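Every number here is computed from the coordinates shown, using simple stated rules; none is lab data. Because the structure is a prediction, the values reported are computed rather than measured. Note that we place each Cβ from the backbone using ideal geometry, even for glycine, and neighbour counts take in every protein chain shown.
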Amino acid sequence: MSSIRLDNLRKEFKEVVAVTSLTLEFADGEFAALLGPSGCGKSTTMNMISGLEQQTSGDIYFGDKLVNDIPPGERGVGFVFQNYAIFTHMSVADNISFGLKVHKVAPEAIRQKVNEVAELLQLQKMLNQNAGRLSINDMQKVAIGRSMVMEPRIFLLDEPFSNLDASFRFYMRGELKRIQRETKQTMIYVTHDQVEAMSMADRIAVMDFGNLQQFGTPDQIYNQPANTFVANFIGSPSMNFVDCALREEDGQGYLIQKGGEAKTPIDDKRMRLIQQKNVGDDLILGIRPEYLSARDQPNGGVAWSGETYFVEPLGSKTIIHVHVGEDALQIVAPADDRPDIGAGQWISFDPDYVHVFETGSGEVIR
Ligand SMILES: Nc1ncnc2c1ncn2[C@@H]1O[C@H](COP(=O)(O)OP(=O)(O)O)[C@@H](O)[C@H]1O
Ligand SMILES: [Mg+2]
């Protein structure tokens with residue numbers, strides 16, 4: 001079993017707490033992403049899983065086995081770093097076969113495995129070339145091949161493509177996902193790029209400041225963010241946020257904009273929760289730009305009155321920036337939508353798409 005369980009994992013570097021108290025379980029054969037801004041503790045987490053870094057406290061299990069005291073070389077973990085680690089004076093084939101030779105695998109078996117890996121990574125034609133002469137893209141493929149050929153049950157990749165050019169990165173995303181489906185390894189992929197995480201992973205662990213913010217499928221992370229950090233970090237353009245207070249009129253709850261007059265009905269369930277928590281004065285309404293429409297007439301659902309102040313034609317779509325009271329919002333509109341600057345707009349949306357967060361903790365209310 002190659003599930004990975006982190007139990008209250010913590011890492012301190014003197015006064016810096018890199019990882020606070022991480023409890024997280026990756027399933028056997030899962031493609032998981034560890035996503036968060038630079039410095040949030042992703043690499044430290046990976047280094048603890050591989051054993052390169054010893055945790056300050058907490059436990060790591062592979063399956064049912066506690067691996068805290070098992071040295072890195074014996075954990076059966078493959079690791080690919082951001083900076084390709086290859087032998088530049090050796091051929092591609094020698095690089096890929098290096099670990100197998102160290103483990104005294106028979107030459108015929110080595111040849112076969114190297115060929116298999118080369119085929120998966122499309123390195124067949126380069127096997128006899130000097131690895132130091134390859135493009136950076138191909139060097140990183142060799143680094144992946146070197147780890148992959150050992151068939152680790154657990155494969156950790158720490159921002160492996162961030163130094164590579166965009167088209168190759170895009171290509172490798174698809175390839176890596178395909179390879180993982182084939183090998184059924186437990187793969188953890190570290191990235192600060194939400195698109196990369198969303199496009200590849202079965203589940204995403206979102207981190208900030210050494211803390212886990214949410215662990216879920218791309219759909220859950222996108223559609224049911226646990227807090228304002230996740231809501232803001234995932235999606236481009238980001239979710240719109242409007243400071244609001246709850247007001248009850250004839251039994252119906254409304255979120256009333258603080259810096260303006262926008263008014264949004266909410267369901268009974270959330271109104272009761274807000275009242276129970278006694279946080280009605282300090283709420284944040286969140287709505288994604290793609291669920292808003294801007295028209296000169298209300299367009300069904302709820303409609304707020306606003307004004308266009310900036311229009312970004314992006315080819316496949318248009319981003320319309322509007323002011324609603326004191327809040328600046330973004331709307332993803334069809335490509336041919338080009339409202340005039342300064343024009344009055346009705347911003348319409350289905351209130352089912354509204355998220356409500358507590359201002360203090362940032363936690364969602366649902
Ligand atoms: N060896 C180290 N010594 C001191 N501080 C470190 C060390 N490694 C990481 N840190 C700190 O721990 C925090 C998390 O770092 P890291 O895990 O590398 O983040 P990420 O990979 O998400 O960018 C940062 O504040 C970083 O400066
Ligand atoms: Mg890192």
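Count charges around LEU273 for me, please; just the other residues with Cβ under 12 Å from its Cβ, Lys/Arg as +1, Asp/Glu as -1.
So the surrounding residues net to +1.
Based on the mean of other Cβ atoms within 10 Å per residue, sort peptides 266-276, 191-201 so the most packed one is first. Can you show the working numbers first?
On the way: 266-276: 15.5, 191-201: 19.4.
Ranked from most to least packed, the peptides come out as 191-201, 266-276.
Rounded to the nearest 500, what is the 222 nm mean residue ellipticity of the chain from helices alone, with -39500 (n - 2.57) per DSSP H run of 4+ residues and division by all residues?
-7500 deg cm²/dmol
Report the Cα centroid-to-centroid distance between the range 96-163 and the range 298-366 in angstrom, as an integer.
Cα centroid to Cα centroid, the span is 48 Å.
For GLN82, what residues show an amide H to amide H distance below 5 Å, using hydrogens built from the backbone and excluding near sequence neighbours?
ASP158
When only C-alpha pairs under 8 Å and at least 6 residues apart count, what is the relative contact order of the chain, in percent?
Once normalised by length, the contact order is 15 percent.
Name the lysines eligible as straight-distance cross-link partners of LYS269: C-alpha to C-alpha under 16 Å, and not fewer than 8 places from it in the same chain.
Filter leaves LYS277.
Excluding same-chain residues fewer than 8 positions from LYS113, which lysines have a Cα within less than 19 Å of its Cα?
Within the straight-line cut-off, LYS113 pairs with LYS101, LYS104, LYS125, LYS141, LYS184.
What residue among SER147, SER348, SER43 shows peak mean-square fluctuation when the chain is described by a Gaussian network model with Cα springs under 10 Å?
With Cα springs under 10 Å in the chain, the top fluctuation among SER147, SER348, SER43 is at SER348.
Which residue, TYR171, TYR222, TYR189, has the most motion in a Gaussian network model of the chain that connects Cα atoms within less than 10 Å?
TYR171
Output the peptides 102-111, 124-133 sorted from most to least packed, where packing is the average of other Cβ atoms within 10 Å over each peptide's residues.
Per-residue Cβ counts within 10 Å, averaged per peptide and sorted highest first, yield 124-133, 102-111.
Of all the C-alpha pairs in the range 260-366, what % are more than 19 Å from each other?
It works out to 47 percent of all Cα pairs.
Shape of the range 263-325 from its Cα gyration tensor (a ≥ b ≥ c, root eigenvalues): rounded if a/c is under 1.5, otherwise prolate when a/b > b/c, or oblate?
Cα axes put the range 263-325 in the prolate bin.
For every other residue with a beta carbon closer than 11 angstrom to the beta carbon of ASP7, add +1 if it is Lys or Arg and -1 if Asp or Glu, then tell me the sum.
Computed value for this residue: 0.
What percentage of all Cα-Cα pairs in the range 4-227 are separated by more than 24 Å?
Tail of the P(r) past 24 Å holds 43 percent of the pairs.
Using a cut-off of 13 Å between beta-carbons, work out the net charge of the residues near ALA335 (Lys and Arg +1, Asp and Glu -1, ALA335 not included).
That works out to -1.
How many nm is it between the label spots at ASP352 and ARG10, if each spot is 7 Å from the Cα in line with the beta carbon?
Between ASP352 and ARG10, the simple spin-label model gives 4.4 nm.
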